[in-house]
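The values are calculated or read from the model by the stated rules, or taken from the named source; none is laboratory data. Note that the structure is predicted; figures quoted are calculated from it, not measured. Glycine also receives a Cβ, built like all others from the backbone with ideal geometry; neighbour counts cover every protein chain displayed. With ligands, DNA and RNA removed, areas are computed over all heavy atoms of the protein, side chains included. Shrake-Rupley method; radii C 1.70, N 1.55, O 1.52, S 1.80 Å.
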Amino acid sequence: MAEQNWRVLIVDDEPPIRAELNYLLKQDARVGQVEEAGGATAAVEKILSFRPDVLFLDIQMPGTSGVQLADSLHNLKHPPVIVFVTAFSEYAAEAFELDATDYVLKPVEQARLEKALDKVEATIAARKPASTDEPVRRIQGERNGKRSYIPVSEIAYIEARADYATAYTQAGGYLVNDSISVLERRLASEGFLRVHRSFLVNIDDVRDIEVLKPSGLIQLTLEHAATRIPVSRRRAPGVKKQLGLA
């Protein structure tokens, strides 16, 4: 296991839980300094001063929730990788919609934590700028129990499936063992654009752009997929600019 020396911030309103997670994290060689915060306000101060690489974040806390805090971090130029830690499994879908790398249930076990840290490592690696000498030509996916290499140029769009994704080509869908956030960073240089929290689109495959009335929302029609892809309000300005509409 390679040394990484990640700066990790634990945010939880219960001191015993913070202490236990702190201990478990320090058993992994990839983890360097660990800091703690008992709520969202203290967490924001720590994020600005400590600049953590990874945030282990409780969802239910007094005042500002972990979900609200995570959503606000999109405004940072270099937001930390987020792993939600909670006792409530029903929040999983919402967590992954916020681009969380993983979702770990309490009480946290060492083996499960190591899997979460493996995903953190993959996300951090994917955030590093890709070498222009090594374009991404293929990604690995699974269809009908068979693993294949999918030419990136044949992918029309990618849809988030919790912490995995499905890449759709004219031949059908392939399960990809990466989150949509990881794929967004890997494929940005290959002409893929995040248009929604759940959708990543191949710009070259966009055939029509429709503005829905009276909402003003945008949806995309693709050349090699029957599905119409929605564009979220938050991402609409960037999508318009990328598609030459702004």
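Residues of the stretch 180-196 that are under 16 Å from residue 227 (Cβ atoms) and outside any strand (DSSP E or B): 180 alone. The residues of the stretch 55-83 that are charged (D, E, K, R) and modelled with pLDDT of 90 or more amount to a single one, 58. Just give me the residues in the stretch 122-165 being in a helix (DSSP H, G or I), of a type outside the set (S, T, N, Q) and either out of contact with any strand residue (DSSP E or B) (no Cβ under 9 Å at 6 or more places or on another chain) or open to solvent by less than 30 Å² (accessible area, probe 1.4 Å) (or both), in sequence order. Those that are in a helix (DSSP H, G or I), of a type outside the set (S, T, N, Q) and either out of contact with any strand residue (DSSP E or B) (no Cβ under 9 Å at 6 or more places or on another chain) or open to solvent by less than 30 Å² (accessible area, probe 1.4 Å) (or both): 122, 125, 126, 152. Every listed requirement among (1) modelled with pLDDT under 90; (2) within 23 Å of the chain's Cα centre (by Cα) is met by residue 52 save one, (1). For the stretch 197-212, the candidate set comprises residues that are touching a helix residue (DSSP H, G or I) at 6+ places or on another chain (Cβ under 9 Å) and open to solvent by less than 20 Å² (accessible area, probe 1.4 Å); within that set, the residue that is farthest from residue 153 (Cα to Cα) is 200.
The set of residues in the stretch 6-43 being under 18 Å from residue 124 (Cα atoms) and of a type in the set (S, T, N, Q) consists of 33 alone. Looking only at the stretch 220-234, residues that are open to solvent by 40 Å² or more (accessible area, probe 1.4 Å) and either under 16 Å from residue 180 (Cβ atoms) or modelled with pLDDT of 85 or more (or both) come to 7 in all. If we keep just the residues of the stretch 3-56 that are among the acidic types (Asp, Glu) and farther than 24 Å from residue 74 by Cβ, which is surrounded by the fewest Cβ atoms within 10 Å (Cβ to Cβ)? Filtering first and then ranking leaves 3. Screening 176, 239, 182 for residues that are at pLDDT below 90, of a type outside the set (Phe, Trp, Tyr) and within 23 Å of residue 116 (Cα to Cα) leaves exactly one candidate, 182.
The single condition from (1) within 24 Å of residue 124 (Cβ to Cβ); (2) part of a loop (DSSP other than H, G, I, E, B); (3) of a type outside the set (Gly, Ala, Ser) that residue 214 fails is (1). Taking the condition of a type outside the set (Asp, Glu), surrounded by fewer than 17 Cβ atoms within 10 Å (Cβ to Cβ), modelled with pLDDT under 85 and within 13 Å of the chain's Cα centre (by Cα), does residue 93 pass? Against the criterion (of a type outside the set (Asp, Glu), surrounded by fewer than 17 Cβ atoms within 10 Å (Cβ to Cβ), modelled with pLDDT under 85 and within 13 Å of the chain's Cα centre (by Cα)), residue 93 qualifies.
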